[in-house]
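None of the figures in this text is laboratory data; all of them are computed from the coordinates on show. Here the structure is a predicted model, which means the values were calculated and not measured. For neighbour counting, all protein chains shown are included, and Cβ atoms are generated from backbone atoms with ideal geometry for every residue, glycine included.
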Amino acid sequence: MTIEQIFLFTLEMIGTVAFAISGIRMSAAKHFDWFGAYTVGLVTAIGGGTLRDLMLDCPVFWMSNFWYLGVTGLSLVAVIALKKYLLRLSTTIFIFDTIGLAMFVVIGVQKTLLFGHPMWLAILMGTITGALGGILRDILINDVPLIFRKDVYATACIAGGLVYWLMMIAGFNEIVQGSACAVTVIAVRLLAVHYGWSIPMLRNFPDDNDGGQ
């Protein structure tokens, strides 16, 4: 394996663990059983990449490698073993969700470019890879998906993709491009929380409350 391939595989594993833990942790808050928690964790980890691969018309990444199912199982064991610590850490879900988001945006961008697609599509696929797992997770636990609320989520993915593009134009290698993209996604989400940044909400129109009469 080349250094770039090792780098990409490492990102995939980190992203899988992070998203799986975020899904499992949210399942625990909803009192799911172990199987339910594993299912939510797995869907969170592979959901975005699955749709990306289907849209790119390439083999679905996890169907030829048991690593992803196994790593999700290990993530469940870790959550069970470290339950008391994770419950005390109020920012657990945000931390792991942000890490998973950043890793998968990079993977989505790089894989799309590998198949010869333009950069605008790579940014879109990076956003789908990063965000869709969280959408499916929230649907499964019966929450309004985070991306549709005022939290800065997809915007962070797009910002990361744009930084990847700038690094590519500047002539940096894939490791630098991917690292800059991931750092940007994480930084945008952290700054948004710290400074209270949010996307404006769509308010009800004046006549919505009376049924449009």
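With a Förster radius of 30 Å, plug the Cβ-Cβ distance of L190 and D33 into 1/(1 + (r/R0)^6) and report the FRET value to the nearest 0.05.
Numbers: r = 33 Å, r/R0 = 1.11.
So, using R0 = 30 Å, E works out to roughly 0.35.
Binned at 5 Å from 0, what are the whole-percent values of the Cα-Cα distance distribution for the chain, short to long?
Once binned at 5 Å, the Cα pair distances of the chain give 1, 8, 15, 19, 18, 15, 10, 7, 4, 2, 1, 0, 0, 0.
Hey, with R₀ at 35 Å, roughly what FRET efficiency would L166 and W197 work out to, going by the Cβ-Cβ distance, to 0.05? Before the final figure, lay out the partial values.
On the way: r = 21 Å, r/R0 = 0.60.
My answer for the efficiency is 0.95.
Loop by DSSP (not H, G, I, E, B), at most 14 other beta-carbon atoms within 10 Å: where is the longest site-free stretch of the chain for trypsin sites (Lys or Arg not before Pro)?
Values: sites that count: K30, R149, K150, R203.
It works out to 31-148.
Quickly estimate the mean residue ellipticity at 222 nm for the chain, helices only: each DSSP H run with n ≥ 4 gives -39500 (n - 2.57), and the total goes over all residues, rounded to 500. Walk me through the intermediate numbers first.
On the way: 8 runs with 154 residues, N = 213.
Using -39500 (n - 2.57) per qualifying helix, the result is -24500 deg cm²/dmol.
Taking 0.36 nm per residue of separation and subtracting the Cα-Cα distance, what length does fully extending I175 through F94 add?
Details: separation 81, 0.36 × 81 = 29.16 nm, distance 2.51 nm.
Contour length minus Cα-Cα distance gives 26.7 nm.
All other residues with a Cβ under 15 Å from the Cβ of L124 taken together, and with Lys, Arg as +1 and Asp, Glu as -1, what is their net charge? Don't skip to the answer; put the middle values down first.
Working: positive: R52, K111; negative: D53.
Within the 15 Å Cβ shell, the charges total +1.
Using 1/(1 + (r/R0)^6) with R0 = 41 angstrom and r between the beta carbons of K84 and I3, what's the FRET efficiency to the nearest 0.05?
Numbers: r = 39 Å, r/R0 = 0.95.
Here the calculated transfer efficiency is 0.60.
Please rank M103, M26, M55, fewest neighbouring Cβ atoms within 10 Å first, as an exposure proxy.
Numbers: M103 28, M26 24, M55 13.
Sorted ascending by nearby Cβ count, the order is M55, M26, M103.
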